[in-house]
Amino acid sequence: MCVNQTLFGDRPRFFPIFFLGTDPNFSNITIRYDEEEPYCEVRLQKCFGMLSKPKVASGKAPVVMRLLSPVQRPVQKMKDLTNFWKEGYPLVRKDLRGRYPKHYWPKDSFNAVATRRVRPQV
């Protein structure tokens, strides 16, 4: 059973199909509903500066974020984005800096510029 059926029956207006990213181009990030909880898959670098995760169903259902590496492989799955930036990101950053040294991995992810490129444009 999909999440939209369990929360509100068949009222799709509470369930957007995308949200805007924080990168300078405001990329559309697709929200999927084909599992128990709504989720999105997004490259980690598009989430820099994002302080809170998206919610659907009028704020009642958090969207699970599946963060991906630059080559679209899963890196982290979480519901609490703020906690991830504080505790999980330093460990993930260390690993990804070794695998993808040309990419942008800032220490301060809260104030970093989100990007779709290898490095943000100045």
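Please list, ordered by first then second residue, the pairs with beta carbon atoms under 8 Å, 6 or more apart or interchain, first in segment 78-100 and free of Cβ contacts under 8 Å to residues at least 60 places away in the same chain and assigned to a loop (DSSP other than H, G, I, E, B), second surrounded by 12 or more Cβ atoms within 10 Å (Cβ to Cβ) and of a type in the set (A, V, I, L, M, F, W, C).
Close Cβ pairs satisfying both conditions: Lys79/Val64; Lys79/Met65.
Name the residue that is farthest from Lys102 (Cα to Cα), counting only residues in segment 39-62 that are touching a strand residue (DSSP E or B) at 6+ places or on another chain (Cβ under 6 Å) and modelled with pLDDT of 85 or more.
Of segment 39-62, the ones touching a strand residue (DSSP E or B) at 6+ places or on another chain (Cβ under 6 Å) are 39-44, 53-55, 62.
With the extra rule that they be modelled with pLDDT of 85 or more, the set shrinks to 39-44.
Numbers: Tyr39: 28, Cys40: 25, Glu41: 22, Val42: 19, Arg43: 15, Leu44: 15 Å.
Checking each candidate, the answer is Tyr39.
Working only within segment 8-38, note down all residues that are at pLDDT below 65, among the hydrophobic types (A, V, I, L, M, F, W, C) and touching a strand residue (DSSP E or B) at 6+ places or on another chain (Cβ under 6 Å).
Phe18, Phe19, Phe26
Only residues that are closer than 15 Å to Ile29 by Cβ and not in a strand (DSSP E or B): list them for segment 40-77, please.
Leu44, Gln45, Lys46, Cys47, Phe48, Gly49, Met50, Ser52, Lys53, Pro54, Val63, Gln72
The values are calculated or read from the model by the stated rules, or taken from the named source; none is laboratory data. Treat the numbers as computed from the prediction; the structure is a model and nothing was measured. Note that we place each Cβ from the backbone using ideal geometry, even for glycine, and neighbour counts take in every protein chain shown.
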